[in-house]
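Asker: Please read through the structure below; I'll follow up with questions.
The values are calculated or read from the model by the stated rules, or taken from the named source; none is laboratory data. Quantities reported herein were computed from a predicted structural model and do not represent experimental measurements. Glycine gets a Cβ as well: all are built from the backbone with ideal geometry, and neighbour counts include every protein chain shown.
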């Protein structure tokens, strides 16, 4: 998807400043309206070899509700537009854990914070996508910036899958 100049959520227009990233479910843009910044996620339907989706917008909404109820720190969902498959989120200002790892600025306290998230997720029978591009610390508080969650399995928990990406020595490339 090319970088659009304007995207609307339920008829309210937001100026697109830049593409923040592309995930398996959508494009996330830094957006602005009335001197406030947001993240505007546009769901896409591009193929993903390693993941199968149902209705993506319904999944995002459901997962946001589930994770909110168990207390996972995430950007607040401000609005959603089911017809255009767009979600407007609070903007968490900071760099991803992946960027911090690449620069050698990763703090051990961020590992502790994701493990604290696991202590809420595992008893609820859930995993989240632990890849470090899905986490941003703001004022040293770690936020999970995606809304995806899945049924718990040992194979995809933080200790067996996610943690290996959180250390520079294990980075690919």
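Asker: Would you mind stating whether residue 1 is assigned to a loop (DSSP other than H, G, I, E, B) and either modelled with pLDDT of 95 or more or not assigned by TED's automatic domain parsing to the domain that holds residue 114 (or both)?
Answerer: On the way: assigned to a loop (DSSP other than H, G, I, E, B): yes; either modelled with pLDDT of 95 or more or not assigned by TED's automatic domain parsing to the domain that holds residue 114 (or both): yes.
Yes: the conditions hold for residue 1.
Asker: Within the stretch 77-121, work out how many residues are in a loop (DSSP other than H, G, I, E, B) and farther than 14 Å from residue 134 by Cβ.
Answerer: Looking only at the stretch 77-121, we keep the residues that are in a loop (DSSP other than H, G, I, E, B), and these are 82-85, 91-96, 103-107.
Of the ones still in play, those that are also farther than 14 Å from residue 134 by Cβ are 82-85, 91, 93, 103-107.
Matching residues across the stretch 77-121 total 11.
Asker: Looking only at the stretch 132-144, decide whether some residue is more than 18 Å from residue 106 (Cβ to Cβ) and either touching a strand residue (DSSP E or B) at 6+ places or on another chain (Cβ under 9 Å) or modelled with pLDDT under 95 (or both). Before you say what the answer is, go through the steps one by one.
Answerer: Looking only at the stretch 132-144, we keep the residues that are more than 18 Å from residue 106 (Cβ to Cβ), and these are none.
No: zero hits.
Asker: With crowded, with 19+ Cβ neighbours inside 10 Å and closer than 25 Å to residue 33 by Cβ as the only criterion, which of 97, 128, 136 stands out?
Answerer: On the way: 97 fails: closer than 25 Å to residue 33 by Cβ; 128 fails: closer than 25 Å to residue 33 by Cβ.
None of the others qualify; the one that does is 136.
Asker: Of the residues 148, 85, 60, only one is surrounded by 17 or more Cβ atoms within 10 Å (Cβ to Cβ) and assigned by TED's automatic domain parsing to the domain that holds residue 36; which?
Answerer: Numbers: 148 fails: assigned by TED's automatic domain parsing to the domain that holds residue 36; 60 fails: assigned by TED's automatic domain parsing to the domain that holds residue 36.
Testing whether each residue is surrounded by 17 or more Cβ atoms within 10 Å (Cβ to Cβ) and assigned by TED's automatic domain parsing to the domain that holds residue 36 leaves just 85.
Asker: While we're on this one: Here is a list of conditions, (1) buried (at least 19 other Cβ atoms within 10 Å of the Cβ); (2) more than 20 Å from residue 24 (Cα to Cα); (3) without any contact (Cβ under 8 Å) to a residue 40 or more places away in the chain, and residue 76 meets all of them except one; can you say which number that is?
Answerer: (1)
Asker: If you don't mind, there's one more thing I want to ask. Would you pick out the residues in the stretch 18-63 that are assigned to a loop (DSSP other than H, G, I, E, B) and at pLDDT 95 or above? Please lay out each step first, then the result.
Answerer: Step one: of the stretch 18-63, the residues assigned to a loop (DSSP other than H, G, I, E, B) are 23-25, 34-35, 44-55.
If the condition is that a residue be assigned to a loop (DSSP other than H, G, I, E, B) and at pLDDT 95 or above, then 34, 35 are the ones that fit.
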